[in-house]
1. Take the Cβ-Cβ distance between residue 189 and residue 284 as r, set R0 to 22 Å, and report the resulting FRET efficiency rounded to the nearest 0.05.
2. Relative contact order of the chain, please, whole-number percent, based on alpha carbon pairs below 8 angstrom and at least 6 residues apart.
3. With a cut-off of 16 Å, note down the residues of segment 482-500 whose backbone N falls inside the zone around a label point 7 Å from the Cα of residue 613 toward its beta carbon.
4. Computing the accessible area with a 1.4 Å probe over protein heavy atoms, can you report the carbon and sulfur percentage for segment 152-243?
5. What FRET efficiency, computed as 1/(1 + (r/R0)^6) with R0 = 41 Å and r the Cβ-Cβ distance, is obtained for residue 87 and residue 132, rounded to the nearest 0.05?
6. Taking residue 215 as the anchor, which aspartates and glutamates have their alpha carbon closer than 14 Å to its alpha carbon, excluding any fewer than eight residues away along the same chain?
7. With every protein chain kept in place and ligands, DNA and RNA left out, what is the accessible area per residue of segment 102-183? Probe 1.4 Å, answer in Å².
8. Express in nm, to one decimal, how much length is gained between residue 547 and residue 146 on full extension, taking 0.36 nm for each residue of separation and deducting their alpha carbon distance.
Amino acid sequence: MKKKIAVCGNGWNNEFLKVALDGIKRSAKENNVDLFIFMNYSHDEGVEYNDIGETNIYRLLDYAQMDGIILLGNTFHLQEEFQYLTDKVRDTGIPAISLEYQMQGIDFLGSDNYSGMYDICMHLLTVHEVEKVVYISGPEHNEENCIRRKAVEDALSSRGYTLMDSFCGNWNYVETQRLLPAWLDAHEQVPDAFVCANDVMAMAVCAVLNDRDLKVPEDVIVTGFDHLKSAREHRPSITTVDRNWNDMGYQALYHLLWKIENKPVKEATYIKSCGIPARSCGCNFNYLKDVLGQRVSEQGGTYDSIMNVVYWGGHLCDISESMTMVTSEDELHHRFNDFLEREHMHEGEEVYICLLDDFFSTLKEGVPLRKRGYTETVDVICGLHEGKGFKRIPKMDISQLVPGYNGESDETGFYLFLPLYDREGYYGYVVFGTEIQIMYDYSLYNWLRNIKQSLGNVRQNIRLVELNKRLEKQSVTDGLTGVYNRMGCERIAYPYLEKCHKQGKEAVLMFADINKMKMINDKYGHLQGDLAICTVAKSIQNVLREDWIVVRYGGDEFLMVGECGAGKTATQLLDEIQTELENTTKEMMLPYPLKAGVGYVVISPEEKLDMSDCLKRADEAMYLMKKKQKENEEVK
């Protein structure tokens with residue numbers, strides 16, 4: 001059996017995610033390891049249902065099934081995530097390693113924040129003869145920021161310089177854009193260089209300087225840290241520090257495998273970072289090649305980008321439309337399966353929507369969805385397997401995670417799990433059976449939102465259908481007895497007789513009327529009168545088969561239609577109703593005799609169906625029976 005390694009991380013830090021996963025995948029292929037990626041899009045805005053819903057994906061992970069776990073520690077946003085994962089690793093004893101963030105009791109693998117920042121600063125000092133430097137920092141007490149600042153100060157000190165100034169951009173583009181203009185207004189001279197603690201703030205600095213007609217790098221140099229794709233593609237490209245995330249991911253998996261094999265490993269390892277000079281410090285600058293060539297490339301790329309946005313927006317709209325009018329479980333299965341078979345360029349060949357097994361039942365039972373955790377089984381309602389829609393799996397054990405998972409395959413498996421939830425509670429999860437590119441550009445976040453909203457709409461549609469069914473049932477149901485009322489007679493009983501007549505079947509119409517109803521009401525009260533009506537209705541239902549239709553036709557009158565079946569005649573059914581009433585009266589010890597006159601007509605398919613005539617004949621037969629009952633009582 002192949003090793004199974006879980007990777008937990010947040011999708012917002014998509015560049016780190018891609019580069020680190022590339023390294024992890026390289027190592028996994030070399031060792032024939034299957035990867036199970038548990039990812040969310042949590043953020044620290046304090047929205048409770050978001051925090052709970054996103055973190056819940058880590059509760060899907062069965063830690064006992066995994067051989068090890070890699071935590072992309074610097075991507076997590078919520079304290080609940082840190083606490084839950086730390087506790088699970090400690091309680092289960094699963095071999096674990098955290099990347100770029102030290103978590104208590106867990107091995108650590110991170111980049112050396114000092115070496116790369118020191119190298120790039122020495123490059124500025126020696127190659128570009130920089131003297132005056134302003135450092136734009138991350139949070140003042142953040143460990144990574146403090147190490148990077150020390151590297152800047154040490155490099156300057158080696159040449160006899162000190163920082164000209166510094167201020168906190170808080171890792172943030174908007175915050176840096178807000179603070180830098182005030183700093184420029186307060187200082188007569190610009191520095192030789194703005195050294196920023198990350199690429200995001202460096203790009204914000206370039207934007208502000210451009211607004212002030214200050215050219216980078218001619219008037220001032222700007223550097224960053226992280227070597228982000230957006231910084232590489234920025235104009236000018238940002239001089240930065242590469243943290244070697246790819247190598248970090250590669251080493252992380254080997255670290256786990258060695259730990260699993262009880263080989264000695266370090267509790268904390270740092271990977272050397274390196275400076276990457278680029279255009280924002282004046283390096284690699286060839287006008288014809290770098291500027292004109294980039295512009296030609298960008299013109300073609302711009303059109304492609306526009307069309308990609310259009311196609312992607314259309315794809316999301318198509319997803320919504322495919323589920324807009326869904327009003328049942330089967331309809332959801334068929335419609336979304338059919339849609340994905342036609343359009344799955346972005347989703348890949350293998351994707352499954354797995355709903356908790358109470359997703360539909362809670363609607364019928366009127367109970368709320370769970371907020372945390374999972375049901376023991378899930379309903380794999382729709383999706384793709386090898387590019388084709390598959391038969392619904394209504395009860396898959398939650399521990400299986402992926403339908404049809406093959407742990408003996410020679411190919412390295414890559415499975416991506418994401419949470420499905422909304423304000424009302426937890427829906428389930430989606431799993432992709434291959435790596436998909438939309439996980440690296442925030443498109444997957446919008447895809448998930450669309451799926452969650454569409455599932456919410458499906459629930460709302462089903463809820464409305466159920467509500468309409470209940471209202472429809474109430475409109476045709478007698479509130480006292482629970483049998484059909486007069487409207488039910490019109491909508492259900494009469495059409496039933498017409499259907500029997502068209503199908504050439506013999507049907508029976510019975511009419512019943514409670515004896516001495518006025519006496520019961522006058523002498524014993526209307527509560528006893530109501531009890532008498534309910535008792536007669538229940539006795540009739542106890543005798544007749546479930547496929548018979550029982551109607552409270554009037555105050556104390558009942559109409560029944562159906563087929564005799566089972567070799568019984570209408571007369572036998574009539575006698576059974578009288579016996580049932582007599583026995584029930586004795587059991588209930590009613591203070592009055594409870595009887596009913598019952599008459600019937602057999603409606604032959606050969607005769608012309610006339611509802612008024614049938615009712616009249618049944619009514620006459622009922623009164624004839626009541627007359628006989630009265631005569632028998634007088635004789636006694």
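1. Working: r = 27 Å, r/R0 = 1.24.
Working from the Cβ atoms, E equals 0.20.
2. Over the chain, the number comes to 12 percent.
3. 498
4. Summing carbon and sulfur atoms, their accessible area is 42 percent of the total for segment 152-243.
5. 0.25
6. 192
7. Roughly 47 Å² per residue, with all protein chains present.
8. 136.5 nm
The values are calculated or read from the model by the stated rules, or taken from the named source; none is laboratory data. Small disclaimer: the values here were computed from a predicted structure and weren't measured. Glycine gets a Cβ as well: all are built from the backbone with ideal geometry, and neighbour counts include every protein chain shown. Just the protein is used for accessible areas: all its heavy atoms, side chains included, with ligands, DNA and RNA removed. Shrake-Rupley method; radii C 1.70, N 1.55, O 1.52, S 1.80 Å.
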